[in-house]
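J.: One structure coming up, written as structure tokens, with questions to follow.
We did not get these values from a lab; they are worked out from the coordinates using the rules stated. All of these numbers come straight from a predicted model, not from anything done at the bench. Note that each Cβ is placed from the backbone with ideal geometry, even for glycine, and that neighbours are counted across all protein chains shown.
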Amino acid sequence: MNVPKIKKVAIIQTKQNFKWLSMQEIIPNLTSCWEKACLELSFESKVINVDDLNFKDLTKYILLSDVIVFTAFNESIAKLMRAIRVNLGIDAKFIFHLHGLTTIGLWPLEKFGVLNLFKSSDEFIGTCQGDLNCMRHVSPNAKITLIPYPYFPLNSSRENEADQIVFAYVGRLSDQKNITIIIEAYHLLLTQFKNLKTPPLLIYGKEDYLGSPNMGLESEPVLSKCENLIESLGLEKKVIFKGFVPREDLYKEIGPHHIFVSASTHSDENFGMALMHSLAQGGAAVVSAWGGHKVFKKYFNDDTLLLCPVHFKDSIPTVDPQYFAELMMRSFEGFQCKNNSQLPSYFSSESVSEQFRLLLTNEDHKSIKLLELTNLAHELFEQQKFYESQGFTQRVFRSYEDPLAQIFLKAYS
């Protein structure tokens, strides 16, 4: 009698990336779905926190692992990757969650000496078509699968939820989020559609002061810039900054009667956790046709979600405030007759776990062929090394006009 092989899966986790608020939700949710997938396949799994890594304690388990899943990336995880494939010579399949790395050509993997460890049989997981488009500019033979971040309901009561319709921006106050465009669009909405009983615009989030580090651009004072614009347009009573509010409290405060707005063209806009939670609450949305926002358009009609086209102005991706205002008007008028939509099963934790199971049961992982890197990727890596030598540790592009930047930005859009 043949005894089935019990597979071992190592799930690598970190809390170092929790400096990004969304990662405090995303990484544990991904881990839960991987554990669920392993349980349903009767595979043994072990969650390993790289922050508390003790190589001696982990060697025995990792040596026997068939698959190693990386739910995030940082220098500590790079160290573990090198130990696995160089020091220990382990040939386990790598499954790697990309997050926002494709728009910068995976240069952090090259910088920390692990990109050359990946094989054509390893799996990269992206969340949007832009990830796949950008990846093709880095490696023609990389395997990439598009799987959304899983939805887990918030621990928030819907008692006493607000019934007033509001426009709501939820996210970081960052240059690349284009919040001033939302404010300009809102002003156009007030002045051009005077018969519309326009609801207030609430802005949730705190300033990140990051600017555009990929371009070597320091942050402008986003909050004060927005406040000055609001004052100049006479919108002090209509546009309200709410600051940072925990997500559970935020959606209890605005309830399902809100229209989520985002004109973001951020280089890391690879999904949209706030957008997903808004739609799950029953809200509508007007968002830029950019990165991960476009994923949701496949599953929601115009009554629920409207995309504003992205164009390039002086090489910088942006949206037209006038067009955005018209979409806000359409969304508000349509919201009255909108039935609260259910979040499609594609985003559910059950669906994500099922897709993870498919990756775990793919036996094609014994390959000696390494990733092929494009000439463009090599050019990008050399450029990043040059900027790092000049003291710019995160810079990779000369400017938005840089031809390399334009290739990745347009692939993402």
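J.: Compute the angle between helix 23-40 and the longest alpha-carbon principal axis of the chain, please, reported from 0 to 90 degrees and rounded to the nearest 10.
T.: Orientation of helix 23-40: about 50 degrees from the principal axis.
J.: Can I get the semi-axes of the chain's equivalent ellipsoid? Compute them from the C-alpha gyration tensor as square roots of 5 times the eigenvalues, in angstrom, largest first. Each step should come with its number before you reach the end.
T.: Details: eigenvalues 305, 132, 64 Å².
Ellipsoid half-lengths, sorted descending, are 39, 26, 18 Å.
J.: With an 8 Å Cα cut-off and a minimum separation of 6 or more residues, compute the relative contact order for the chain in percent. Don't skip to the end; give the middle numbers.
T.: Values: 737 pairs, mean separation 80.6, N = 413.
Relative contact order comes out at 20 percent.
J.: Work out the charge dipole of segment 166-346 with +1 on the Cβ of Lys and Arg and -1 on the Cβ of Asp and Glu about the Cα centre, then indicate which of HIS258, THR191, PRO309 is farthest towards its positive end.
T.: Positive-end residue among those listed: HIS258.
J.: Quick one: of the DSSP bridges fully inside the chain, what percent are antiparallel, nearest 5?
T.: Values: 5 of 47 bridges.
So the antiparallel bridges amount to about 10 percent of the total.
J.: With everything on Cα atoms, drop me the angle between helix 179-192 and the longest principal axis of the chain, reported from 0 to 90° to the nearest 10.
T.: 30 degrees
J.: As an exercise, find the ratio Rg/Rh for segment 166-346 from alpha-carbon atoms, using the Kirkwood inverse-distance average for Rh. Intermediate results must be reported in sequence, preceding the final value.
T.: Numbers: Rg = 15.3 Å, Rh = 16.4 Å.
Rounded to two decimals, Rg/Rh equals 0.93.
J.: Say we join alpha carbon atoms closer than 10 Å with springs in a Gaussian network model of the chain; which of SER264, SER389, SER212 then has the biggest fluctuation?
T.: Comparing SER264, SER389, SER212 in a Gaussian network model of the chain, the most mobile one is SER389.
J.: Output the antiparallel fraction of DSSP beta bridges having both residues in segment 166-346, as a percent to the nearest 5. Kindly include the intermediate steps, with their values, before the conclusion.
T.: Numbers: 4 of 24 bridges.
The antiparallel proportion sits near 15 percent.
J.: What residue among THR103, THR191, THR265 shows peak mean-square fluctuation when the chain is described by a Gaussian network model with Cα springs under 10 Å?
T.: Result: THR191 has the largest fluctuation of those listed.
J.: I need the phi-derived Karplus couplings for segment 370-377: 6.51 cos²θ - 1.76 cosθ + 1.60, θ = phi - 60°, integer Hz, Gly and Pro marked x.
T.: Karplus values, whole Hz, x for Gly and Pro: 7, 4, 8, 10, 6, 4, 4, 4.
J.: Choose one answer from ASN17, ASN133, ASN214: the residue with the largest mean-square fluctuation in a GNM of the chain with alpha-carbon springs under 10 Å.
T.: Maximum fluctuation in the GNM of the chain, among the listed residues, is at ASN17.
J.: Loop by DSSP (not H, G, I, E, B), at most 14 other beta-carbon atoms within 10 Å: where is the longest site-free stretch of the chain for GluC sites (Glu not before Pro)? If you can, show how the numbers build up before the last one.
T.: On the way: sites that count: GLU159, GLU218, GLU236, GLU363, GLU372, GLU401.
Answer - 1-158.
J.: Rounded to the nearest 500 deg cm²/dmol, what is the calculated helix-only ellipticity per residue at 222 nm for the chain, with -39500 (n - 2.57) per DSSP H run of length n ≥ 4?
T.: Details: 14 runs with 147 residues, N = 413.
Rounded to the nearest 500, the figure is -10500 deg cm²/dmol.
J.: For segment 166-346, please report how many Lys pairs fall under 22 Å Cα to Cα, leaving out neighbours fewer than 8 apart on the same chain.
T.: Lysine pairs meeting both conditions in segment 166-346 amount to 29.
J.: How far apart, in nm, are the 7 Å Cα→Cβ label points at LYS79 and GLN406?
T.: A separation of 4.2 nm, rounded to one decimal place.
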